[in-house]
Structure formats: C-alpha cells, structure tokens
Amino acid sequence: MTDDDPRAALRAAAAGPDDAATALLALRHALAWAARALATDRPHAATDPAAVELVIAVDDALTEVDELVRQVPDVAEAGVAGTPVTEYLNQQAEALAELADRVAVTRREHEALFAVEAELRACGAEHDEIQRHVAELHRLERLARDLPAIRDQRDSLARRLATMRSPVAEAEDALAATAHEVLVLREELLANLDTRTQELLRQVRDVEARWADQRRRLAEDESRLRDKVAEYEKLRTERDGLLRAAAAHAEIDRDLVDRLAAVREGGPLDKVRAMLSDVRTTLDTVDSALADALARHDRFAEEHRRVLPWRDESTVD
C-alpha cells in the first residue's frame with residue numbers, strides 16, 4: 001500500500017498510536033507522497049512562479065530536519081545497531097541536512113531574485129510614467145509653438161462671425177421697428193374711425209357674443225334631445241313588447257271564449273267577451289296616444305335642429 005498510495009498509507013499511519021515508531025512511519029509515507037507529487041507536478045520553466053512556491057514549501061518542510069538529525073545517533077546507540085548501521089543512518093541524516101541547506105540557499109536566491117524583479121518592475125513603471133510625462137511636455141511645447149497661429153484663426157473666425165451677424169441683426173431691428181410702426185398706425189386708425197364705424201364694430205362684437213350664446217344653448221338642446229330620443233326608443237320598445245304580449249293574450253282569451261261559447265251560449269261568457277273587447281279598445285287608445293306623443297316629439301326635434309346664422313346680417317347692415 002506504501003508504493004501504490006502513500007497518501008492513504010499516511011492516513012493509516014496517522015491513525016496509529018502516538019509514539020516514535022508511528023511518527024517515523026508517517027514521516028516515511030509523507031516523504032514518499034511528497035517525492036511522487038514533486039515528480040508528477042514539477043514546473044517546466046525555472047521562472048514559473050509555481051517553481052518558487054515549491055522551493056519555499058520544501059524549505060518549510062525541511063525546517064525540522066536539523067532536530068531529527070541530532071536525534072539519530074542517540075537512537076542508533078540505544079538500539080545497538082552496530083557500526084555499519086550507525087554510519088548509514090549518519091550518512092542519511094547528513095544527506096538530509098545537506099539537502100535542507102541546499103533548499104534554504106535556493107530559497108534565499110529566489111527571494112533575492114524576486115526582490116530584484118520587484119525593483120526592476122518599479123523602475124519600469126517609473127520609466128513608463130516618465131515617458132508619458134515627456135510626451136505630454138512635447139505636446140504642450142508643440143501647442144506653444146502653434147499658439148500664435150491658433151489665435152489668428154480664432155480672431156479670423158470671430159471677425160467672420162461678426163460679419164455674418166451684422167446683416168441679420170440689422171434685418172431683425174428693421175422688422176421690429178416696422179412692426180412697432182404698424183401697431184401704432186393701427187391704434188391711430190381705430191381712434192380716427194367715425195362714430196358709425198365704431199358702432200358697427202360694437203354691433204359685430206355683440207352679434208358674435210349672441211351667436212356664441214346660441215351655439216351654447218343649441219349644444220344644450222341637442223344634449224337634451226339625445227336624452228329624449230333615447231327615452232323615446234326605450235318607450236317604443238316597451239310599448240311594442242306590451243302590445244305584442246297583450247295581443248297574444250287577447251287572441252288566447254278570444255279563442256278560449258269562442259271555445260266556451262261553443263259549449264254554452266249567453267251568460268257570463270258574453271260578459272267576458274265584452275270585457276276583452278273593452279281591453280282591446282283601451283290598448284288601441286294607448287297605442288294612438290303613444291303614436292301622437294312620438295309624432296309631437298319628432299316635430300320638436302325637427303324644429304330645434306334649424307341652422308343658426310353666424311351673425312345677424314340685418315343688424316349689421
């Protein structure tokens with residue numbers, strides 16, 4: 001399981017008892033996991049930021065190597081491992097310490113390079129800012145050289161604009177003066193009109209006022225007329241319905257009376273027949289009265305639809 005999945009082996013070892021053997025077993029699996037990860041996920045370029053991050057991570061991981069190396073001789077002596085084993089452990093501990101030193105040196109070099117890079121980037125940004133400032137100064141310098149020509153163009157345009165505005169202003173002033181003269185002459189003419197002309201004008205204004213009043217009253221009459229027409233249509237519809245219903249009932253009653261008369265002549269049936277005849281006469285009278293009212297309504301509408309003159313010609317003449 002160590003060779004296949006060191007990460008799973010590390011989890012299993014970490015779940016063991018809290019002793020030195022378990023810690024060293026976990027260290028073994030952790031080193032195997034780190035070695036496999038570095039072999040499969042190694043950055044290709046030396047300038048890749050991921051490479052620097054890995055160097056820093058390795059240096060942080062090896063910070064406890066010195067303390068581990070100091071413990072190796074005591075462990076070998078206590079275990080009576082023998083000279084070859086002790087020498088091997090010492091060699092491995094020394095190699096590990098040497099590796100930690102090399103990683104620390106590499107980290108310091110990278111940090112120094114990063115500091116130089118940051119300084120160079122700052123210098124580049126300052127250089128770009130200086131170039132922009134120099135370009136702005138050159139632009140202002142060119143504008144300063146061209147300033148007299150620009151002022152001449154401005155003055156020329158101002159003169160042309162004044163030349164164009166002068167005729168327009170004169171025309172506007174002349175038009176205003178003419179309009180004022182026309183108003184003054186109109187007032188003078190009105191004042192010089194004779195009494196008869198002024199009276200005719202007053203009559204025209206009075207006729208126009210009366211005509212406006214007639215139009216207003218005509219609009220009111222038309223509104224009332226529309227209401228009456230609507231009421232008339234409603235009454236006619238109701239009348240037609242009542243007449244049809246009454247006629248149907250009268251027909252049914254006559255048929256019923258005729259059938260009863262066939263069975264027995266005289267008596268109460270004759271009275272019923274006379275009553276039905278009176279009802280029919282009453283209905284005819286109501287129908288005639290409604291027809292007369294409708295005819296009078298039509299005459300009233302026709303009379304109030306006459307066209308009003310715009311003004312009283314006889315009065316003006």
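For every residue, the table says whether it meets (1) of a type in the set (D, E); (2) part of a helix (DSSP H, G or I); (3) modelled with pLDDT of 75 or more; (4) not assigned by TED's automatic domain parsing to the domain that holds R296.
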site	(1), (2), (3), (4)
L161	no, yes, no, yes
E170	yes, yes, no, yes
T178	no, yes, yes, yes
L183	no, yes, no, yes
R205	no, yes, yes, no
D213	yes, yes, yes, no
A219	no, yes, yes, no
Y232	no, yes, yes, no
R236	no, yes, yes, no
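Could you please let me know if A37 is within 56 Å of the chain's Cα centre (by Cα), surrounded by 13 or more Cβ atoms within 10 Å (Cβ to Cβ) and modelled with pLDDT of 75 or more? Spelling it out, A37 is indeed within 56 Å of the chain's Cα centre (by Cα), surrounded by 13 or more Cβ atoms within 10 Å (Cβ to Cβ) and modelled with pLDDT of 75 or more.
For A13, the requirement of being surrounded by 14 or more Cβ atoms within 10 Å (Cβ to Cβ), modelled with pLDDT of 70 or more and more than 24 Å from V105 (Cα to Cα) is met. Within the option set A51, A76, being within 18 Å of L27 (Cβ to Cβ), in a helix (DSSP H, G or I), modelled with pLDDT under 70 and among the hydrophobic types (A, V, I, L, M, F, W, C) holds for one residue only, A76. Among the criteria (1) modelled with pLDDT under 65; (2) more than 30 Å from S288 (Cα to Cα), the one L269 does not fulfil is (2).
The values are calculated or read from the model by the stated rules, or taken from the named source; none is laboratory data. Note that the structure is predicted; figures quoted are calculated from it, not measured. Positions of Cβ are backbone-derived with ideal geometry, glycine not excepted, and every protein chain shown enters the neighbour counts.
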